[in-house]
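Here, each number is a calculation from the coordinates, and none is a lab measurement. Everything numeric in this text was worked out from a predicted model, so none of it was measured. Quick reminder, even Gly has a Cβ in these numbers, built from the backbone with ideal geometry, and neighbours come from all protein chains shown.
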């Protein structure tokens, strides 16, 4: 059964498929949570809240669309809120990438081999990226979302997703070159 | 704790919270209602923003301040000083609020903030222009004159306020002599400075273009009972 079919059953009042959805998404959301928080316990608490919020709001989910961007949107909000509470202030500063329009960057024709190479590089150097780029890189390379999905999760224009990924690659390249030197 | 334990613990806690009954699934009607309410609030804010914008345009036209733009550098300076900046700031605040509301919708966040801002401004301007075609502001002005307009009455009354300190005068021509015209002094306070002012027209102006009984807008420097004008223009009967 697909995630969307399971979500539809939960919408109709059946609790059991929620367990299956939780099984599928707990490891993913735990991994995603590591981009925001360091403690496993804190991440587990947030993930728990994410599932509860997903259950409460499941009837807001349009089952003709993909389930994963929808739950990641809830998770993004939950992790950012937690981070904001811990930091006692805004997580990201003023987001200039959102202010001005950028050309619509389409998903580049990056083949799986290229993506895999990038993933290996990112595993070692992801922390060297600024926090603004870390999440978007994670969603693209590790969670395998398309630009459009990432735009929906982060609620930013697609052009902003493209420009940030492009800048993240440049930043990573510079960091890698410095290490090489 | 390994991954499987974490997974089981999360699942267990989630179901505990669900079965305890303090977490309920929201109905479809809740989401439909919430979206409808958000759309309604956005429409109200857009209408309010358009109304404020149309009031700014109305007040500039009604007070005759648009004439200042044709009276050279001094006129432009006076125009900027008399411009209803406070009202404009309120309108910009409404536009930003509307932009913030739009961010919860796909058609809002999929575009850059600048693009959404200008789209909202354009929509507000179009609606403001449509409001300008209706007699609403004139009706409100009349109501304000009669003291029948609560809340925004003062705002409408200020449209025809006196701005002598900026060199702006409005009045009706009572006499034309040589290169001067004599106008009534309308500052609305009915005090000792009421009466008439003799206006010396600036070079390039001819008294033949004016007639007794006509209402005029004068911009110039005031003496005791005289005005050395930098610019004079005709007010329409409704101004």
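Values as computed for the structure displayed
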{"quantity": "Segment B:28-159 shape via C-alpha gyration tensor axes, a/c threshold 1.5", "calculated": "oblate"}
{"quantity": "Nearest 10 degrees, 0 to 90: helix B:72-82 Cα axis against chain B principal axis", "calculated": "50"}
{"quantity": "Order of A:50, B:23, A:137 under a 10 Å beta carbon neighbour criterion, fewest first", "calculated": "B:23, A:137, A:50"}
{"quantity": "Kirkwood-type radius of chain A, with distances r between different C-alpha atoms, in Å", "calculated": "17.5"}
{"quantity": "Of B:45, B:90, B:114, the one that fluctuates the most in a GNM where chain B has Cα springs shorter than 10 Å", "calculated": "B:114"}
{"quantity": "Listed residues B:81, B:13, B:106, most fluctuating in chain B (Gaussian network, C-alpha, under 10 Å)", "calculated": "B:13"}
{"quantity": "Residue B:15-residue B:85 FRET efficiency (beta carbon distance; Förster radius 35 Å; 0.05 resolution)", "calculated": "0.05"}
{"quantity": "Max mean-square fluctuation residue, GNM over chain B, Cα-Cα springs under 10 Å, options B:166, B:222, B:103", "calculated": "B:103"}
{"quantity": "On Cα atoms only, tilt of A:67-87 relative to the major axis of chain A in degrees", "calculated": "70"}
{"quantity": "Å³ per residue enclosed by the Cα convex hull of the protein assembly as shown", "calculated": "237"}
{"quantity": "Inter-chain Cβ neighbour average for residues B:13-26, partner chain, 10 Å", "calculated": "4"}
{"quantity": "Enclosed volume per residue, in Å³, of the convex hull spanned by Cα atoms of chain B", "calculated": "222"}
{"quantity": "On Cα atoms only, tilt of A:16-33 relative to the major axis of chain A in degrees", "calculated": "20"}
{"quantity": "Expected-Rg normalisation [2.2 N^0.38 Å, Cα atoms] applied to segment B:162-234", "calculated": "0.98"}
